Structures are given as structure tokens and as C-alpha cells.
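Take a look at the structure below.
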Amino acid sequence: MRINKKSFILIVITIAVISAVIYFKPREIDTEYNGIMYRLGDADYSENIKIKISGYLTKGVFKGDKFRGNIIIGGKERSGLLIEFDDSHRGLLYYLDRYTGESEVYNIISENLEKEITLCVLEKNGHGSSWSEGDGLMISAPADNRKQALEISKRLIGNLANNELK
């Protein structure tokens with residue numbers, strides 16, 4: 001059986017369109033992690049923390065992925081989030097509680113939100129919020145101890161990390 005040129009082109013275009021629709025369709029995420037919160041430069045500080053992520057992840061065409069949904073960190077829900085990831089899988093989680101006026105900022109790094117995540121917690125100081133690679137607060141998941149959390153951060157942060165993460 002012989003396929004003419006027009007039929008072949010139509011089949012190829014159809015396959016490409018179906019593949020693009022499948023690839024770029026928002027994917028539902030509903031994941032819960034056991035994680036560890038730890039402070040760089042303080043080997044004695046670590047704390048168990050739960051992270052729950054629920055929402056939709058959309059693959060980016062020319063930019064990074066976008067996440068829309070809710071994230072619960074340590075029992076506190078941050079809802080209605082839009083996190084835009086760059087090409088290095090880094091995004092900014094900014095949350096403003098409209099009832100209390102309190103804000104929180106995290107740098108979030110994840111190549112796959114369903115697999116692992118690390119957060120740099122920006123802590124409030126006299127001039128706003130900041131994070132330091134010398135003594136910054138981190139959260140990594142899934143992890144059962146500080147060593148596992150550091151390994152996740154090393155993998156995800158890479159060469160931006162301080163000496164403790166290298």
C-alpha cells in the first residue's frame with residue numbers, strides 16, 4: 001500500500017499537534033513530602049517539616065514551567081500561588097496573606113515538583129527579607145535527615161552553593 005505525499009504530511013502534522021497538546025497540557029500535581037529544615041553553617045540545627053504541593057504545572061514553550069496552586073509548608077497554607085520557573089528550574093514563591101498583611105518569600109528550586117524540592121527561606125530583617133549562603137535557612141524534601149537534605153540541595157542548587165553545599 002502506497003501513501004501519497006499529502007497523506008504523509010497530514011499524518012506527521014497530526015502527530016506533532018497531538019504530541020504538543022499532550023506535552024503542554026497542564027499536569028495536576030498532588031504531592032506530600034517529609035522534609036528537613038536546616039541552617040547552613042549550623043550542623044546541629046535541623047527540623048522535620050511537611051510540605052504538600054497541590055495544583056497544576058504547565059510546561060513552558062520559550063520560558064520555564066509555571067505552577068498554579070497551593071503549597072503547605074509546616075502546616076501553613078500558601079494558596080493562590082503562581083510560580084514561574086526560569087530555565088535553571090528556579091522560581092520565586094512570594095506569598096502575601098491578605099488578612100494579616102504578612103508576607104513570605106522563598107526561592108524554590110526543583111527540576112520536578114513531584115520528585116524533589118529545595119527552598120531558600122528569606123528571613124525578615126530590619127530592611128525586609130534576606131538569605132545568606134553562610135547561615136541561610138533551607139528546606140529540602142524528601143529527606144529524613146540533614147545529610148539527605150544537603151544532598152538534595154547540592155544536586156538542585158549546584159555551583160551557586162556555599163562551601164557547605166559543595
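The values are calculated or read from the model by the stated rules, or taken from the named source; none is laboratory data. Since this is a predicted model, take the numbers as computed values, not measurements. Note: ideal-geometry Cβ built from the backbone for every residue, glycine included; neighbour counts use all protein chains shown.
Quick one: how many residues across the range 133-155 are assigned to a helix (DSSP H, G or I) and of a type outside the set (A, V, I, L, M)?
Here the count works out to 7.
Of all residues in the range 51-76 being among the aromatic types (F, W, Y) and either within 21 Å of P142 (Cα to Cα) or in contact with a Ser or Thr (Cβ under 6 Å, 6 or more places away or on another chain) (or both), which is surrounded by the most Cβ atoms within 10 Å (Cβ to Cβ)?
Here the residue is F67.
What pairs can you find where one residue is in the range 78-92 and buried (at least 16 other Cβ atoms within 10 Å of the Cβ), the other is part of a loop (DSSP other than H, G, I, E, B) and not polar (S, T, N, Q), and their Cβ atoms are less than 6 Å apart, with a gap of 6+ or different chains?
What qualifies is F85/G64; F85/D65; G91/F85.
Any idea which of I49, I72, I53, I83 is of a type outside the set (S, T, Y), within 23 Å of R146 (Cα to Cα) and touching a Leu at 6+ places or on another chain (Cβ under 7 Å)?
Result of the check over I49, I72, I53, I83: I53.
Quick check: anything in the range 23-45 under 30 Å from I157 (Cα atoms), assigned to a helix (DSSP H, G or I), within 31 Å of the chain's Cα centre (by Cα) and modelled with pLDDT under 90?
yes
Which residues, counting only those in the range 100-132, are within 14 Å of G35 (Cα to Cα), part of a loop (DSSP other than H, G, I, E, B) and either of a type in the set (D, E, K, R) or over 8 Å from the mean Cα position of the chain (by Cα) (or both)?
Correct list: E114, K115.
Name the residues in the range 108-139 that are buried (at least 18 other Cβ atoms within 10 Å of the Cβ), at pLDDT 90 or above and not hydrophobic (A, V, I, L, M, F, W, C), would you?
Those that are buried (at least 18 other Cβ atoms within 10 Å of the Cβ), at pLDDT 90 or above and not hydrophobic (A, V, I, L, M, F, W, C): S110, E116, T118.
Hey, can you tell me all the residues within the range 60-76 that are farther than 19 Å from F24 by Cα and in contact with a strand residue (DSSP E or B) (Cβ under 6 Å, 6 or more places away or on another chain)?
Result: N70, I71, I72, I73, G74.
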